[in-house]
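See structure below.
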Amino acid sequence: MNMDWINVKDRMPEKNKSVIGWYKDNPFSDFCVEIVSWNGKGWVCTYGKHYVTAVSHWMPLPEPPKEEKEQ
């Protein structure tokens, strides 16, 4: 899986699919990395259920870990 950051100017993620977002919410804050989704009109923080602004880059979530089989 490609784990490079994708600029939102180049491509947007699938609508309502969780991705890792890189954004700066205001000029006085540091950059933030959170799980967000694009709903077609804006970015939503997946867990906090609030809108975030200024997402500049995103990347797909990594694959989940493999489940270990019980013996």
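Rundown of residues vs (1) among the hydrophobic types (A, V, I, L, M, F, W, C); (2) over 12 Å from the mean Cα position of the chain (by Cα), yes/no style:
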residue: 6; (1), (2): yes, no
residue: 18; (1), (2): no, no
residue: 26; (1), (2): no, yes
residue: 31; (1), (2): yes, yes
residue: 37; (1), (2): no, no
residue: 40; (1), (2): no, yes
residue: 47; (1), (2): no, no
residue: 57; (1), (2): no, no
residue: 63; (1), (2): no, yes
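With the requirement that a residue be in contact with a Cys (Cβ under 8 Å, 6 or more places away or on another chain) and either open to solvent by 80 Å² or more (accessible area, probe 1.4 Å) or not in a loop (DSSP other than H, G, I, E, B) (or both), what does segment 22-37 give you? Break it down stepwise before answering.
Taking segment 22-37 and keeping what is in contact with a Cys (Cβ under 8 Å, 6 or more places away or on another chain), we get 22-25, 34-36.
Hits for segment 22-37 are 22, 23, 34, 35, 36.
When you check residue 60 against the structure, is it out of contact with any strand residue (DSSP E or B) (no Cβ under 7 Å at 6 or more places or on another chain) and either at pLDDT 90 or above or not hydrophobic (A, V, I, L, M, F, W, C) (or both), yes or no?
Criteria not met by residue 60.
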Which pairs do you get when a residue that is more than 14 Å from residue 60 (Cβ to Cβ), found in segment 1-29, comes within reach of a residue that is of a type in the set (Val, Ile, Thr) and open to solvent by 40 Å² or more (accessible area, probe 1.4 Å), reach meaning Cβ atoms under 9 angstrom, with the pair 6+ apart or on two chains? 23/33; 23/53; 24/53; 25/53; 26/53
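The values are calculated or read from the model by the stated rules, or taken from the named source; none is laboratory data. Since the structure is predicted, the reported quantities are computational estimates derived from the model, not experimental observations. Using ideal geometry, Cβ is built from the backbone for each residue, glycine included, and neighbour counts are taken over all protein chains shown. For the accessible areas, the whole protein counts, side chains as well, though only heavy atoms, and no ligand, DNA or RNA atoms are used. Shrake-Rupley method; radii C 1.70, N 1.55, O 1.52, S 1.80 Å.
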